[in-house]
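A.B. asks: Dropping a structure here in structure tokens format, bear with me for questions.
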Amino acid sequence: MTITATGTGTTAGAREHARSQAGRITDSMPVVPASNWPNPPADVDPADLTWAETVPGGRYTSKVLARGTRLRLHDVAGSACAHLLLWRADAPWERLNVADTVKVPWQAYLGTGHPLLSDQGRVLATIVADGSGHHDALCGTTTLAANTAKYGDGHVHSASPAGREMFTLAAAKHGLTPTDVAPSVSFFHGVKVDDDGSLRSTGSAGAAKSVDLILHLPCVVAIANTAHPVDPSPTFDTTSLEVLAWKARPDLDALLAGVADTDPEYQRAVANSEDAWAAALL
């Protein structure tokens, strides 16, 4: 039997409308499969894409990514702020440790070559390309109280959601609890420490900037695209973030091949990661 209906006021009409949207890509959705992403990187086989998503300002996303994955974050319009958390997928009690990420490399400012370290002294990911240079590992993300005071609201479904609130939901989708939500790093909104110790926003480097990371261990990746805590703007202005990931084991192999030429702290952290990975393989 064929049922013809117009509009969404009936079940049949709603069904037809929903089916008519199949294959449509908008600026606020993941593309599944990721190989259908309309503009893959020129040097990447679309079949190797494992994550392709546009995250509007005030939204969050998460994904489990394999060792040897290359993750690219792209600030489309120049006002994205990608707050990032990592948990080791096969041992989620091990997670990004921002204090060690700053302390061990003797460098507070994130850039190419900087490792993102776990609380077990292992490299979870390394920044391998950076077209922005405006990042932060000192301030963490926003909170409900702070966003409410600044913008009038900070709940997840408000117009100015806080990063902490979104990370809590992202963690829950992977069986984690609020106690697993540690301080995060953020990309595309810079912060500098002045001589008197105060923190100063350096803002964005502008539109169409990207940063790439290589994963050393399988990770749960959570991203909250929301305003930075020291963003001087009195209004919530965060714009869209593109997230792409693809299989890039040769990139990891090349990175590991050059470890002997890096600082001793990085060498040891990489050795810790490789040791844990080798021991876990059957």
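The values are calculated or read from the model by the stated rules, or taken from the named source; none is laboratory data. Please read these numbers as outputs of a predicted model, since none were measured by experiment. With ideal geometry, Cβ positions are generated from the backbone for all residues, glycine too; neighbour counts draw on all protein chains shown. What goes into the accessible areas is simple: the full protein's heavy atoms, side chains included, and nothing from ligands, DNA or RNA. Shrake-Rupley method; radii C 1.70, N 1.55, O 1.52, S 1.80 Å.
A.B. asks: Any idea which residue in segment 70-89 is least open to solvent (accessible area, probe 1.4 Å), counting only those that are within 15 Å of residue 222 (Cβ to Cβ) and part of a loop (DSSP other than H, G, I, E, B)?
C.D. replies: Among residues in segment 70-89 that are within 15 Å of residue 222 (Cβ to Cβ) and part of a loop (DSSP other than H, G, I, E, B), the one least open to solvent (accessible area, probe 1.4 Å) is 81.
A.B. asks: Same structure again: Out of curiosity, is residue 227 at pLDDT 95 or above and either part of a loop (DSSP other than H, G, I, E, B) or open to solvent by 50 Å² or more (accessible area, probe 1.4 Å) (or both)?
C.D. replies: yes
A.B. asks: Also, quick follow-up: In the set 169, 144, 116, which member is under 20 Å from residue 100 (Cα atoms) and among the hydrophobic types (A, V, I, L, M, F, W, C)?
C.D. replies: Matching residue, one of 169, 144, 116: 116.
A.B. asks: Can you tell me which of (1) in a loop (DSSP other than H, G, I, E, B); (2) touching an Asp or Glu at 6+ places or on another chain (Cβ under 8 Å); (3) not β-branched (Val, Ile, Thr) is the one residue 117 doesn't meet?
C.D. replies: Result: residue 117 passes all but (1).
A.B. asks: Quick one: how many residues across segment 158-213 are over 15 Å from the mean Cα position of the chain (by Cα), surrounded by fewer than 18 Cβ atoms within 10 Å (Cβ to Cβ) and in a loop (DSSP other than H, G, I, E, B)?
C.D. replies: So the answer is 14.
A.B. asks: Sticking with this structure for a sec: Suppose we keep only residues that are in contact with a Ser or Thr (Cβ under 7 Å, 6 or more places away or on another chain) and of a type in the set (S, T, N, Q) within segment 235-282. Which one would you say is nearest to residue 160 (Cα to Cα)?
C.D. replies: That would be 238.
A.B. asks: Here is a check on your reading of the model: is residue 234 within 26 Å of residue 159 (Cα to Cα) and open to solvent by 10 Å² or more (accessible area, probe 1.4 Å)?
C.D. replies: yes
A.B. asks: Of all residues in segment 92-138 being of a type in the set (A, V, I, L, M, F, W, C), open to solvent by less than 10 Å² (accessible area, probe 1.4 Å) and in contact (Cβ under 8 Å) with a residue 60 or more places away in the chain, which is nearest to residue 270 (Cα to Cα)?
C.D. replies: If we take residues in segment 92-138 being of a type in the set (A, V, I, L, M, F, W, C), open to solvent by less than 10 Å² (accessible area, probe 1.4 Å) and in contact (Cβ under 8 Å) with a residue 60 or more places away in the chain, then 123 is nearest to residue 270 (Cα to Cα).
A.B. asks: Which of (1) open to solvent by 20 Å² or more (accessible area, probe 1.4 Å); (2) more than 24 Å from residue 45 (Cβ to Cβ); (3) touching a His at 6+ places or on another chain (Cβ under 6 Å); (4) assigned to a strand (DSSP E or B) does residue 242 not meet, given it meets every other one?
C.D. replies: With (1) open to solvent by 20 Å² or more (accessible area, probe 1.4 Å); (2) more than 24 Å from residue 45 (Cβ to Cβ); (3) touching a His at 6+ places or on another chain (Cβ under 6 Å); (4) assigned to a strand (DSSP E or B) applied to residue 242, the lone miss is (2).
A.B. asks: Restrict the check to segment 145-155 and report whether at least one residue is touching a Ser or Thr at 6+ places or on another chain (Cβ under 7 Å) and of a type in the set (Lys, Arg).
C.D. replies: The answer is no; no qualifying residue exists.
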